[in-house]
Amino acid sequence: MNPVTYAFGIVAALLALFAIIELMRRGTLRERHAVWWFVGGLLALILAVFPQTLTWAARALGVTLPVNLIFFVAIGLLFLVSLQYGAELTRTEEKMRALAEKAAFHQQRIEQLEERVADLTAPRGDVDPGGER
C-alpha cells in the first residue's frame, strides 16, 4: 500500500470519529444512536492503521477478496443502524399516539369545565320583565 493511500485511510477514519463525537457533543446525535456509527468508525481506523488485519480476517472467514469483507461489514452496520432507528421510530410513534389521546381528553375536559363555568356565571333569568321579583 502506498503511503498516500495509507495516510488517507487514517485521516478519513479520524475525521469520521471526530464528526461522530462532535455531533454527540453538540447534542445533535444521541449516544444510543451513535453506538453503531462509532463502532464503524473504530473499525475503519483499525483497518486504516493495520491494513493487514483485513487480509487476515478475510482469510480466516473464507472471503476471497478482502474488499468484499469491508462491504459485508459496512452493510451489516448500516442494517443495525436502520434497525435501531426503526425501533426508535416505533417507540416514538407509540408515545405520540398516547400523548395525542391525552391531549384530546384534556381538551374535552377543558371544554366541559368552560361550559360549566359559563353556566354558573351567566345571569339568571329569574327577574321578571317588569323589574319585580
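All of the numbers you see were taken from the coordinates with simple rules; none came from a lab. What you see is a predicted model; the values in this text were computed from it and never measured. For neighbour counting, all protein chains shown are included, and Cβ atoms are generated from backbone atoms with ideal geometry for every residue, glycine included.
One table, with the values for the structure above:
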| read-out | value |
| --- | --- |
| Residue-averaged 222 nm ellipticity for the chain, from DSSP H runs of 4+ at -39500 (n - 2.57), nearest 500 | -29500 deg cm²/dmol |
| Convex hull of Cα atoms in segment 3-121, direction-averaged projection (nm²) | 10.9 nm² |
| Linear extension gain, Ile10 paired with Lys102, 0.36 nm per residue minus alpha-carbon span | 28.0 nm |
| Counting all C-alpha pairs of segment 44-89, share separated by more than 14 Å (%) | 57 percent |
| Between helix 66-121 and the chain: long-axis angle, C-alpha atoms, 0 to 90°, nearest 10 | 10 degrees |
| Rounded tilt (10° steps) of 3-26 against the dominant C-alpha axis of the chain | 20 degrees |
| Loop-located trypsin sites (Lys or Arg not before Pro) in segment 29-129, at most 15 other Cβ atoms within 10 Å (DSSP) | Arg30, Arg124 |
